[in-house]
Structures are given as C-alpha cells and as structure tokens.
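This report concerns only the one structure given below.
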Amino acid sequence: MDKPDLIIRSRRVVTPKTVSPASVHIRDGIIAALGEWDEVPAQTPLVDVGDAVVMPGLVDAHVHVNEPGRTEWEGFATATRAAAAGGVTTLVDMPLNSIPPTTTLDGFAAKLAAARGQCLIDVAFWGGVIPGNTHELKPLLNAGVRGFKCFLIHSGVDEFPHVTESNLLEAMPELAALGSVLLVHAEVPEPIENAAEELKDSNPQDYQTFLKSRPRASENEAVALMVRLCRETGARVHIVHHSSADALPLLKAAKAEGLPLTVETCPHYLTFAAEEIPDGATHFKCCPPVRERENRERLWDALAESIIDMVVSDHSPCTPNLKLTETGDFLEAWGGIATLQFSLPVMWTQLQKRGFGLHELTRWMSAAPAKLAGLDKRKGRLAVGCDADIVIFQPEKEFKVVPEIIEFKNKLTPYAGMNLRGVVETAYVRGTKIYESGQFPANPIGVLLIK
C-alpha cells in the first residue's frame, strides 16, 4: 500500500461495527486503511486526538439553502459554514425555497452556478416534482440531482406548487422506471381546511391553536395515500420530517410488506413538546408541527424499531421579520426551524438520556441519509474506499447555544439558550481540515456532488 498522506488516530474510532482504538489512514482524500492504533509508518503526518471520538461526518439530507433568490434567508456560504461547525460534511439541498426552484434544467443550472466556489463542505441536490414537470425528471436526474421532492399541500411558496394524486400517478411510474426516489411532504389539505374553519375564533398566539390547525389526520391520510401509491407504482417513497405517531403502525406494516419506503424525522420532533412551547414563540413553528410529549416518545420508539430510518435537520430558516416575533401569530408566521449547526449535539444530548450511543448516532445521521441520497459508496461511514469525511467529537463536553457562535445567517432558533452535550472540535472533508475550534479555512473546498 502507498504511504498515507495523513493518519488520524484515537482510542474511540467509530466504524460500522465497532467503537475501538484505531488509526484512519488517508491518501488522496480517501480512507486507504483502518489500522491498529499504533500502526503509523515513519514520517507520516499524524493527528492523535487521544480519547476524543473519531466518527464519520454527518450527511444532512434535508437542508433549505434558499440560494439563489432568497439569499437573505440563507446561502451556500453561511449554510456550509454552519454545517462544518456542526460536524455535517455533506448536505443535500432541497429544491425550494430558492428562486427559481430546482424543477427544471434551467432552475438546476441557476442553483449550480450560485453554489460554485462558495461551499465549505460537499453539497448534493434534490430536484422537485410539481404539476406538469414529469418530462423534466429524466433530464434533471441525468444532470445530477439525487432524487425528487414533492408536497401534497401548499408548500409555502407559490413557485413550488403541490401535487395531487393524479399528478403523482403520472410522475411516480416515471420515477420507478428511472430507479429514483420521491421525497414527500406528507400532509393533505382537507383535515387542515376543516380545522381552519373550527379555529377561526381561536387565539393565534396560543401554540395549541397552531397545533390543532395541523391535525395528525392530515399526516395520517397523506401517509396512507403514499403507501398505496408506492404499492401501485413500485416507486421508492421517502416520507420527510415525519411527526404524527398515529401513522407509525401504517409505516411499520408497509415496511413489513417489503414496500420500498423510508422515513425520516428531525431533532425538533424528538426534543421539544407542544406542552412546553410558550405562547407567541413562533421560532418553534414548523409544518408538520412539534406535537405532544407522548407523540415524541413514540417517535423515539419508532427510531429504535427502525420504523423511522434517519434523523435530518430540515434546516428551514428565514429572516426574523417573517417569524412575526412582535405579534407572535403562529398561524401567519413562516414555518421552519433553523437547526443545521446544532443537529449533532441536540441529538447526542437526547440519545444519551435514552441509552443510545455512537453507533445509533452515526447510523441515523450519517449512513442512512447517505444511502437515501445514493451517496453511500462515498459518504456516511468510516470504511476503506470512502471519502475521508471525518469529525473529531468530544461527547462529554458541554456548551451553551448563544448568538455569537451561530454560523447560519439568521440567528433565530428554538435551541438558543440551551445547554447541549457534544462538541465538534474538528471536521475534515476528503482529508482536508475545514473546521477547527471556531476557525475556517480561507478557501472553500467543497464540491458539488452531481453524477
């Protein structure tokens, strides 16, 4: 074997099978070998991190970067800095809320042009399914998108309209033939429209009003629809940001049936509870909503049972004025939670309380999202032949979320003020250091992961 360019070693290296002393040998940005702890050839640059954890970088498969078009909300430079500081070494950008959305080849070209030269980490892209763009799906896939996202309800932005069952019956056979995957925002309109009528005299500053405005039935019916269409068309389906615990038995049955269906949830659904959200605290608003405490605990059970496959951020920031913090109107405020930089410590804080460890962390937040995006040959694990995307993590250290450390563009987040466990000390992308103790390199080295 050729001599490595760099070796990183620790008493706690997380591989798919073990957490043990090891040395990670890196050559040309790739993991060339996983050796014994003391297997270090002479004159090889060595980073010995002692007892700190050496683990694969996170793959966040659900990030709204919003550039071009809404760069005041977020952008590739700030999003990838926040990601690097949070131990995320690969992100997959959603096809909205950028203008134009990634629903046409021209829209994708505009996004790639905006991203080039700005990214500190590696970035991949989802395309979008909207009414009437089935003819765009194959060209977009050939151009490098990793799969496609759709909404079953108004997306929040007019340039990304939602689809109906008839639209899906056109698009999903095409996706099945292409071997691609459909990511679905699984809420349907009717239960939400019915709830709106019943709530018209309710206090919009009360979180319970908002919670009732997005009932579980909306998610449950959407999941039932997508399970049926998955069965009928054979297309791979992925349910994004799942919140309603009532739909878990249906998802469990669909998986037992062998349907090609996967599910994600997000740190906010696993951390917060509706009973604890103060009136007017619109920075907690997202759709589907953070639900009750008992719902949260059932989501954790579903993760443990592999009914839910992964945890991703759904980083969906906006400018503070869109959160209507002065009026605290939950019904009118923008729905979206800024999480990207803090997903890892938020989840580690919660995992430890529930008896889970580093293997669950890396499976749910690195390996499974990489597989969803078709990046698992290169990303999501410490294994020979994979990219040397590595995080040095101090799982016992704690820190407080304060505005001065937040790297994403707008500092409004429900995690502000929280004490979290787990500090990202250093991050490498393809063997190059991209973050260390609050410092970033001058030149962004991230690449755009187009096929």
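Bear in mind that the values in this text are calculations on the coordinates, not laboratory data. All of these numbers come straight from a predicted model, not from anything done at the bench. Quick reminder, even Gly has a Cβ in these numbers, built from the backbone with ideal geometry, and neighbours come from all protein chains shown.
What to note about this one:
- Evaluating Ser98 against the criteria (1) small (Gly, Ala, Ser); (2) surrounded by 24 or more Cβ atoms within 10 Å (Cβ to Cβ); (3) touching a residue at least 40 places away in the same chain (Cβ under 8 Å) leaves one unmet condition, (3).
- Within the range 16-50, the residues that satisfy the criterion of being within 18 Å of Ala383 (Cα to Cα), in a loop (DSSP other than H, G, I, E, B) and under 30 Å from the mean Cα position of the chain (by Cα) are Pro16, Lys17, Thr18, Asp28, Gly29.
- Residues of the range 114-140 classified as surrounded by fewer than 16 Cβ atoms within 10 Å (Cβ to Cβ), touching a residue at least 40 places away in the same chain (Cβ under 8 Å) and not charged (D, E, K, R), total: 1
- Residue list for the range 253-265, filter: touching a helix residue (DSSP H, G or I) at 6+ places or on another chain (Cβ under 8 Å) and not aliphatic (A, V, I, L, M): Glu257, Pro260, Thr262, Glu264, Thr265
- Residue match in the range 146-159 (condition: under 30 Å from Thr426 (Cα atoms), in contact with a strand residue (DSSP E or B) (Cβ under 7 Å, 6 or more places away or on another chain), in contact (Cβ under 8 Å) with a residue 60 or more places away in the chain and of a type in the set (A, V, I, L, M)): no
- Of all the residues in the range 345-371, those that are closer than 19 Å to Thr89 by Cβ and either outside any helix (DSSP H, G or I) or out of contact with any helix residue (DSSP H, G or I) (no Cβ under 7 Å at 6 or more places or on another chain) (or both) number 11.
- The set of residues from the range 1-21 being free of Cβ contacts under 8 Å to residues at least 24 places away in the same chain and in contact with a strand residue (DSSP E or B) (Cβ under 6 Å, 6 or more places away or on another chain) comprises just one member, Pro21.
- Condition broken by Gln341, with the remaining ones in (1) outside any strand (DSSP E or B); (2) more than 24 Å from Leu448 (Cα to Cα); (3) touching a residue at least 60 places away in the same chain (Cβ under 8 Å); (4) not β-branched (Val, Ile, Thr) satisfied: (2)
- Qualifying positions in the range 294-312 - outside any helix (DSSP H, G or I) and under 19 Å from the mean Cα position of the chain (by Cα): Ser306, Ile307, Ile308, Asp309, Met310, Val311, Val312
- Within the range 246-293, tally of residues that are in a helix (DSSP H, G or I) and β-branched (Val, Ile, Thr): 2
- For the range 281-302, a tally of residues being more than 17 Å from Pro249 (Cα to Cα) and among the aliphatic types (A, V, I, L, M) returns 2.
- In summary, helices (runs of 4 or more DSSP H) completely within the range 67-179 and bearing 2 or more residues that are more than 22 Å from Val312 (Cα to Cα) occur at 105-115, 134-143, 165-178.
- Total residues in the range 186-219, condition free of Cβ contacts under 8 Å to residues at least 40 places away in the same chain, part of a helix (DSSP H, G or I) and acidic (Asp, Glu): 4
- Taking the range 349-371 as the range and being surrounded by fewer than 23 Cβ atoms within 10 Å (Cβ to Cβ) and under 22 Å from Ile405 (Cβ atoms) as the test, the residues that pass are Thr349, Gln350, Gln352.
- Among residues of the range 419-450 being touching a helix residue (DSSP H, G or I) at 6+ places or on another chain (Cβ under 8 Å) and part of a loop (DSSP other than H, G, I, E, B), the one that is surrounded by the most Cβ atoms within 10 Å (Cβ to Cβ) is Gly446.
- Scanning the range 313-338 for residues that are part of a helix (DSSP H, G or I) and of a type in the set (D, E, K, R) yields a count of 1.
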